[in-house]
Amino acid sequence: MFLRRRPDVRASELSPEWVMQGRRRLVGASAIGGGALLLPGVASLARAVGPSSTGTEGILGCSVALPESARTVAGEAPTPLADISGYNNYYEFSSDKRAVRVLAQALTVSPWTITVDGEVEQPLTVDIDDLQRLFGSEERTYRLRCVEGWSLVAPWSGFGLCRLLGRARPTSRARFVEFTSLHRPSEMIGQRVAGGLQWPYREALRIDEAMHPLTFAATGLYGAPLPRQNGAPLRIVVPWKYGFKSPKAITRIRLVNERPRTSWVAAAPSEYGFYGNVNPDVAHPRWSQARENRIGELRKRPTLFLNGYAAQVASLYAGLDPATLF
């Protein structure tokens, strides 16, 4: 529930949820003068707590236990693999969703490295083959809702993004996390087309969104390595946001102090907002978002607020105008 309507606030005015949760475990949170919390910086708090026993590199958001109801989708069957891998937006290859499956097979996914840098104490570059050794792999079945009005349910495998970010140790200046996708026109033929999106593809989250335990770094689908057309070898999955906020083929993750200019915001700011939160009550300028076409179903179904994940993430947006969160 949004408490009041007012202009969007800077991320620097917000205490990240993962920091607040950790602070409560340490000393018990207390409201001070209208609800503000006096908290240490991200880096100093992580150092005070130290590495956790669950291998989360001392990052408090990772130690927040997700209920099983948030790890899976009760009563909703996963969309068949053929549909997930055969109907997909990936403009680096084509604007034709069904053509992407064929065109993406030209992509070379090994060798592949991911760099984490910017406002961090320990910048790192990690090989894709080392990610499972470092972070293991777990299964998450999430809804995915496209801004265009279609949806699916996908069984991803991978790890919580906060574990990778935590290894780099974000500083207190880290307010946003920017993701940069692969730029390789020799294999991604859509990048050769003039006009449209500017390459490489860029997306971003606030630091508290990126550190939230629901935010997932996916390396697999249906128990197998991630198909090229679905973002191999590494994509980000943010289940309460529209699909364009889940970037594919990640090569760099940069933590920054100022809000980055993301690809779709740059291309069509009236249609694609920075937040991209799923909200049936906030229409796209050209169509309603109240209902959606689940792949494989004949009838449209109602769209859920925050794609059904409101219990976990609605508190991140308390006080913000929902009309600014599209």
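Inspect region 236-253 for any residue being of a type in the set (F, W, Y), crowded, with 22+ Cβ neighbours inside 10 Å and in a loop (DSSP other than H, G, I, E, B) and give the result as yes or no. Yes, region 236-253 contains a residue that is of a type in the set (F, W, Y), crowded, with 22+ Cβ neighbours inside 10 Å and in a loop (DSSP other than H, G, I, E, B).
Of all the numbered requirements in (1) out of contact with any Leu (no Cβ under 8 Å at 6 or more places or on another chain); (2) over 24 Å from E271 (Cβ atoms); (3) small (G, A, S), S85 misses one, and that requirement is (1). Here is the figure for region 70-81: residues that are without any contact (Cβ under 8 Å) to a residue 40 or more places away in the chain and outside any loop (DSSP other than H, G, I, E, B) total 0.
Does region 171-191 contain at least one residue that is among the aliphatic types (A, V, I, L, M), within 13 Å of the chain's Cα centre (by Cα) and over 20 Å from Q132 (Cα atoms)? Scanning region 171-191 turns up at least one residue that is among the aliphatic types (A, V, I, L, M), within 13 Å of the chain's Cα centre (by Cα) and over 20 Å from Q132 (Cα atoms). Filtered by the rule that a residue be within 16 Å of L306 (Cβ to Cβ), at pLDDT 95 or above and either of a type outside the set (F, W, Y) or in contact with a strand residue (DSSP E or B) (Cβ under 6 Å, 6 or more places away or on another chain) (or both), region 243-280 gives G243, K245, S246, G276, N277, V278, N279, P280. Listed by position, the helices (runs of 4 or more DSSP H) inside region 82-191 whose residues that are at pLDDT 95 or above number at least 3 are 97-103, 161-168. Residues that are surrounded by 17 or more Cβ atoms within 10 Å (Cβ to Cβ), within 16 Å of R235 (Cβ to Cβ) and small (G, A, S) within region 99-156 comprise A104, A154, listed in sequence order. Each residue in region 207-229 was checked for being under 23 Å from T251 (Cβ atoms) and among the charged types (D, E, K, R), and 2 of them qualify. Of the residues in region 169-182, none is surrounded by 17 or more Cβ atoms within 10 Å (Cβ to Cβ), touching a strand residue (DSSP E or B) at 6+ places or on another chain (Cβ under 6 Å) and over 27 Å from N257 (Cα atoms). Test G273 against the stated conditions and say whether it is in contact (Cβ under 8 Å) with a residue 24 or more places away in the chain and in a strand (DSSP E or B). For G273, the condition - in contact (Cβ under 8 Å) with a residue 24 or more places away in the chain and in a strand (DSSP E or B) - is not met.
Which residues, counting only those in region 192-216, are within 18 Å of L66 (Cβ to Cβ) and part of a helix (DSSP H, G or I)? D208, E209, A210 - these are the residues of region 192-216 that are within 18 Å of L66 (Cβ to Cβ) and part of a helix (DSSP H, G or I).
Can you confirm whether P260 is part of a loop (DSSP other than H, G, I, E, B) and over 13 Å from the mean Cα position of the chain (by Cα)? So P260 passes the test. Residues in region 296-326 that are of a type in the set (A, V, I, L, M), surrounded by fewer than 17 Cβ atoms within 10 Å (Cβ to Cβ) and in a loop (DSSP other than H, G, I, E, B): L298, A318. So, of the residues in region 217-234 that are in a strand (DSSP E or B) and within 15 Å of the chain's Cα centre (by Cα), which turns out to be farthest from P80 (Cα to Cα)? Checking each candidate, the answer is A217. Listed by first and then second residue, the pairs linking a residue in region 205-232 that is closer than 27 Å to M188 by Cβ and at pLDDT 95 or above to a residue that is among the charged types (D, E, K, R) and in a loop (DSSP other than H, G, I, E, B), with Cβ atoms under 7 Å apart and 6 or more places separating them unless they lie on different chains, are G231/K248.
The values are calculated or read from the model by the stated rules, or taken from the named source; none is laboratory data. If you're wondering where the values come from, they're calculated on a predicted model, not measured in any experiment. Reconstructed Cβ throughout: ideal geometry from the backbone, glycine too, with neighbour counts over all protein chains shown.
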